[in-house]
Structure formats: structure tokens, C-alpha cells
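The structure under discussion appears below in the form of C-alpha cells.
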Amino acid sequence: MMKRKDNQLSLGDAIKHMISDLGMEDKILSVQIEEIFVEMMGAYIMKYVESISVQKQVLFIRINSPELRNELQYGKSKIIAHINEEIGKEYLKDVKFN
């Protein structure tokens, strides 16, 4: 195994720095969070979801079923915990259902 010089980064670290420097980290995390939520909920629940977005570490979900909205409200902390675990960091702070 070759030893790196002190001023060199792994490719993964260099990409992370570039993403951060370009201000793209939040956008990338938003897309990941939306994809995780869709996968987590499945097709049956997603047919009631009108829109999903992430803004300032909050996941906004517009649902056209009041009953489903109330049910998901009870599982909010589990949704946040699962998504944060999947992305590997404590990023998502809240979920708002409209």
C-alpha cells in the first residue's frame, strides 16, 4: 500500500471538499432525502403525496389525504431518524406535512 503525502487527499475526500466549496452539499442531500423518503414509503403511500421538498434541513411533504397525513405525523421522529441514518449524518431536523 502506498503512503500518501501529507498534502494529498483521497479522491472521495477531494470530491466532498469540491461539493462543499461549490455550495452543492445541501442540494445533493435534498435529492438523497427525497429519494430515501420515496423508497421508505412505497408506491401505495406515494400515490397520495403531491410534492416533496427539503428546505433548511426540513422535509416538506404535501399529502392529499388528511387521514394519511395524521398517521404519518405520529411517525415523524422515526422518519427523521431513518433518513438521517441512511445519509450518514444528523442533517434532517424536522418533517412538515401539508
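Pairs of Lys residues in the chain that lie 8 or more places apart, or on two chains, and have C-alpha atoms under 23 angstrom apart add up to 26. Divide the volume of the convex hull around the Cα atoms of the chain by the residue count and you get 117 Å³ per residue.
Calculated from DSSP H runs of 4 or more alone, at -39500 (n - 2.57) each and per residue, what is the 222 nm mean residue ellipticity of the chain, nearest 500? Don't jump to the answer; show the numbers that get you there.
Working: 4 runs with 54 residues, N = 98.
Mean residue ellipticity, 222 nm, calculated: -17500 deg cm²/dmol.
Debye sum, Cα scatterers, region 47-98, no solvent: what log₁₀ I/I(0) at q = 0.13 1/Å? Reported log10 I(q)/I(0), two decimals: -0.30.
3J(HN,Hα) couplings calculated from phi for region 77-89 with the Karplus curve 6.51 cos²θ - 1.76 cosθ + 1.60 (θ = phi - 60°) are, in sequence order, 5, 5, 4, 4, 4, 5, 5, 4, 5, 5, 8, x, 7 Hz; Gly and Pro show x.
Read-outs throughout are calculated quantities, based only on the coordinates presented, and are distinct from any laboratory measurement. For clarity, every value in this text was computed on a predicted model and none was experimentally measured.
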